[in-house]
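Data first, discussion second: the structure below is written as structure tokens.
The values are calculated or read from the model by the stated rules, or taken from the named source; none is laboratory data. Given the structure is predicted, the values throughout are model-derived calculations rather than measurements. Cβ placement follows ideal geometry from the backbone for every residue including glycine, while neighbour counts extend to all protein chains displayed. With ligands, DNA and RNA removed, areas are computed over all heavy atoms of the protein, side chains included. Shrake-Rupley method; radii C 1.70, N 1.55, O 1.52, S 1.80 Å.
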Amino acid sequence: MLDEGDVQRAADDETGYESADERPVRSLTDDISALIDDGKTYAEAELAFQKSRLSFVAGKSKSGIGFLLAALGLLHLALIGLVVGGIFTLGTLVGPGFATLIVVGVLLVFAVLAGLAAKARFEKIGTAFEGDR
């Protein structure tokens with residue numbers, strides 16, 4: 001069986017101290033204080049990391065939004081060209097007035113369909129929050 005001396009010697013061997021006099025004296029208050037300091041350091045580091053991350057995302061978002069707006073502008077111009085071309089092409093078959101009405105009618109049908117699809121999606125979002133009232 002092991003006595004207290006054997007247990008103490010085994011503990012001393014693991015810590016590298018030969019006797020109890022060599023071990024530093026630490027109190028629970030010191031440990032709690034060190035834990036609080038470490039927590040503050042961690043919180044400050046995490047806050048600094050999140051700030052730098054937010055700055056990076058904001059910078060990339062600005063340039064991304066700029067390119068998105070450029071793409072949407074160019075798409076808009078292409079669609080205008082398509083509409084005008086459609087009117088000219090149909091104008092040779094049915095006349096310019098009817099060609100304009102046909103193209104505008106088709107665009108309005110697509111606009112209504114897109115609006116109804118958007119409404120359905122937004123209603124689905126609303127159902128997710130019905131239980132919060």
Handout entry: In sequence order, calculated HN-Hα J values of the range 73-86 (Karplus, 6.51, -1.76, 1.60; Hz; x Gly/Pro)
Key = x, 5, 4, 4, 5, 5, 5, 4, x, 5, 5, 4, x, x
Practice task
Quick one: dipole size for the range 34-133, taken about the Cα centre, charges +1 on Lys/Arg Cβ and -1 on Asp/Glu Cβ, in debye to the nearest 20.
Solution key: 300
Fill in the blank from the handout: Heavy-atom accessible area of the range 47-133 with neighbours in place, 1.4 angstrom probe: carbon+sulfur share in percent works out to 78
Exercise for the section: Could you work out the equivalent-ellipsoid semi-axes for the range 49-133, taking the square root of 5 times each eigenvalue of the Cα gyration tensor, largest first, in whole Å? Expected result: 40, 24, 5
Completion exercise
Over the range 65-133, with neighbouring protein chains present, the accessible area per residue in Å² at probe 1.4 Å is 82
